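What follows is a short report on a single structure.
The values are calculated or read from the model by the stated rules, or taken from the named source; none is laboratory data. Predicted, not measured: the structure shown is a model, and the values here were computed from it. Don't worry about glycine lacking a Cβ; one is built from the backbone with ideal geometry, like all the others, and counts go over all protein chains shown.
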């Protein structure tokens with residue numbers, strides 16, 4: 001017990017998002033599996049080592065059917081890492097965990113029909129990685145961020161033309177630029193981006209954070225108040241510099 | 001079709017009710033048909049400030065629950081015949097306000113009156129959100145001190161997201177009414193200055209009401225400050241604010257800026 005309490009460094013819990021293949025089976029499963037086999041036969045190893053999520057939203061199936069489907073997929077080397085859209089009662093310790101709030105990206109292309117003449121060569125290739133069309137990676141906000149509002153944009157940088165009020169917060173996966181006064185909280189690089197920075201024209205922030213490291217208003221150099229400042233991370237240490 | 005105005009602030013005690021009564025009376029003095037609606041169910045005060053507390057029979061909740069007709073609940077002011085009050089209930093709580101009921105009442109009122117002025121309760125809960133929901137114009141009442149300013153900022157955020165106008169993608173017209181302003185204390189740094197508040201809230205200024213004993217005196221005799229003493233400093237400031245609310249383009253003077261003979265000797269240095 002004491003060893004836990006005296007641990008100098010707490011464990012940092014971070015979120016991270018990954019791209020997974022989402023399979024949406026249709027009833028009857030036998031037919032759907034035939035189509036899947038057909039797809040897989042065109043490119044051996046397409047499903048190998050590829051994380052897949054099973055989306056059973058809207059399917060009228062029971063627990064036994066779901067277990068059966070997962071087992072049959074696993075026999076085909078399709079490893080299901082999570083199940084979306086299932087009732088909690090259907091899932092147990094023997095089934096993959098439930099996933100929710102998935103956001104769709106571009107379709108992952110099915111492998112093209114391989115020429116039977118050269119299958120061995122193709123198989124040695126790593127699984128084809130299709131570039132996924134990304135959404136916008138910057139957000140421009142032309143209105144002030146008011147107290148109590150929380151602006152979350154994990155996809156990238158946030159630029160705010162007005163001010164961020166006391167009691168408001170801005171959370172960005174990338175950097176945060178505030179052209180007005182920063183009076184609330186700014187958290188940049190929240191998805192584990194240590195190279196993110198925070199820029200503001202007038203620093204009156206309650207808290208600034210980059211990649212989980214943070215400083216409250218009290219920890220900030222008093223001389224920085226009201227100044228144009230930027231913050232960045234250098235290893236484990238929080239750095240700041242004048243923008244003027 | 002009349003205009004629906006919500007007088008709101010987030011924080012309590014900044015002067016929402018006083019301002020509702022003063023602006024309502026000032027508009028009615030100009031011959032326009034005005035109703036002031038008290039949304040502070042359970043803690044009503046507008047009836048007292050309007051001097052109508054002894055004439056309340058039915059209230060907003062009675063009308064919403066169908067126990068009384070709107071015409072039965074409306075109280076006509078004794079001094080101004082185009083000024084009416086729709087009181088709140090003191091015995092019920094804000095859960096008695098329903099979204100549909102409020103919509104019906106406001107819809108009916110805006111057909112009859114030129115101005116429907118809703119006195120919002122403090123806070124950001126049901127009463128306050130319903131009071132602002134159908135508004136065309138919002139008056140954000142703020143005192144020159146940090147907690148009031150931050151609460152007002154929060155309310156402005158709600159006005160831009162939780163009102164019908166915002167949900168329809170329209171812009172809610174918002175005005176700042178700075179009340180209890182004392183220029184001497186602002187200069188000394190005991191209070192925020194006008195520019196500081198405007199910089200933080202960044203909405204147009206409707207008026208600055210000076211801190212004055214006249215306001216308290218008027219409240220205690222049950223009269224809107226614009227009726228109690230039309231020549232007093234706060235009354236003049238409310239009259240000016242009313243003209244701006246009607247769309248006139250008047251420059252805002254900071255109370256205490258123009259000083260008399262003694263002021264020239266004892267006044268502050270130019271900022």
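What to note about this one:
- Qualifying residues in region B:127-141 (those that are out of contact with any strand residue (DSSP E or B) (no Cβ under 6 Å at 6 or more places or on another chain) and within 14 Å of chain A (Cβ to nearest Cβ)) - the one surrounded by the fewest Cβ atoms within 10 Å (Cβ to Cβ): B:129
- Checklist (1) modelled with pLDDT under 95; (2) in contact with a helix residue (DSSP H, G or I) (Cβ under 8 Å, 6 or more places away or on another chain); (3) more than 26 Å from residue B:155 (Cα to Cα) applied to residue B:187, failing item: (2)
- For region B:182-196, a residue qualifies if it is away from every other protein chain (no Cβ under 12 Å) and closer than 21 Å to residue A:165 by Cβ, and the qualifying residues are B:186, B:191, B:192, B:193, B:194, B:195.
- Residue ranges of strands (runs of 3 or more DSSP E) in region A:141-244 with at least 2 members within 14 Å of another protein chain (Cβ to nearest Cβ): A:150-153, A:169-172, A:176-182, A:198-203
- Matching option when the condition is surrounded by fewer than 19 Cβ atoms within 10 Å (Cβ to Cβ) and under 25 Å from residue B:222 (Cβ atoms), among B:81, B:100: B:81
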